[in-house]
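Trainee: The structure is given below, and queries will be raised subsequently.
Please treat every number below as a calculation from the coordinates, not as lab data. This structure is a prediction, so every number in the text was calculated from the model and none was measured. Don't worry about glycine lacking a Cβ; one is built from the backbone with ideal geometry, like all the others, and counts go over all protein chains shown.
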Amino acid sequence: MPRVRQHVNPLKSDLLEIADVPRIVPGAGQPLEVELGAAEAHFLIDRAGAEPEALFVGVEIRRELVEATNADCARRGLRNVRLVFANISVDLPRLFAPGSVRRFFLNFPDPWFKSRQHKRRVINPELVAELARALQPGGELYVMTDIFALALDAMAALETSPAYASASGAWTFARHNPYGAKSRRERQCEQEGAPIWRLLYRRVDSAV
Ligand SMILES: C[S@@+](CC[C@H](N)C(=O)[O-])C[C@H]1O[C@@H](n2cnc3c(N)ncnc32)[C@H](O)[C@@H]1O
């Protein structure tokens, strides 16, 4: 794999105006699952093994990682896993039609460094509303993080949105990862014995 930067700033001007963001259109009746900040797509590759008929899309802001991971998936014959170079802070409306996504996964999102106050508010009311727009009724939003403050912020944003209900009971973390798939960071945390906070919410049918 070519040299890949460890971090980029998603608020850099060129990353706020990525020109060639595609529209993701699954096949007729084909379920669509999306990991936001997918890195090398380990989680999606596991998911694709469990469900070869579905489409698995990773949104990732490091272009060289997107290219290397797509080449790797092609070599392995994984035709239903695809990474797209896009910025989750601004590009979700271009990527996904309303009601088109069965599941969003936010696995170990980087803290947002827009401002000191919002340092940990990766999952804010705007993102939560945008994900609700793209989710099917009953669709799922799953979040994992090893940063407790970030998990609490995410829970507050989801609990106070009328568009979601917790699958684990109000203000309650999920006990385990139910998807038969692991992300790289999740494996790392498990090896290190670090705690992982998990949230599973469903798009409420009648919400706007
Ligand atoms: C901590 S890594 C987690 C990777 C993977 N989900 C996992 O659990 O192992 C966060 C990933 O999100 C990507 N990322 C951060 N901000 C992003 C943004 N605004 N849009 C798209 N991807 C972003 C980073 O480049 C990085 O690959």
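Trainee: Return the total of residues in segment 50-67 being in contact with a strand residue (DSSP E or B) (Cβ under 9 Å, 6 or more places away or on another chain) and within 14 Å of the ligand (Cβ to nearest atom).
Mentor: Number of matching residues: 11.
Trainee: Does segment 166-208 hold any residues that are small (G, A, S) and touching a helix residue (DSSP H, G or I) at 6+ places or on another chain (Cβ under 9 Å), and which are they?
Mentor: Scanning segment 166-208 gives S166, A170, G180, A181, S183, A194, A207.
Trainee: Output the qualifying pairs, or none if there are none: Cβ atoms under 9 angstrom, residues six or more apart or on different chains, first residue in segment 58-73 and within 23 Å of V101 (Cα to Cα) and of a type in the set (S, T, Y), second residue assigned to a loop (DSSP other than H, G, I, E, B) and more than 10 Å from the ligand (Cβ to nearest atom).
Mentor: T69/M1
Trainee: Can you pull out the helices (runs of 4 or more DSSP H) entirely within segment 1-118 that have at least 2 residues that are under 15 Å from the mean Cα position of the chain (by Cα) and more than 22 Å from R198 (Cα to Cα)?
Mentor: 92-95
Trainee: Related question: Please determine, by comparing only the residues of segment 181-207 that are more than 9 Å from the ligand (Cβ to nearest atom), touching a strand residue (DSSP E or B) at 6+ places or on another chain (Cβ under 9 Å) and in a loop (DSSP other than H, G, I, E, B), which one is nearest to G58 (Cα to Cα).
Mentor: So the residue we want is A181.
Trainee: A further question on this structure: State yes or no: is F43 more than 12 Å from the ligand (Cβ to nearest atom) and either more than 24 Å from I147 (Cα to Cα) or out of contact with any Gly (no Cβ under 6 Å at 6 or more places or on another chain) (or both)?
Mentor: Here the answer is no, as F43 does not meet what is asked.
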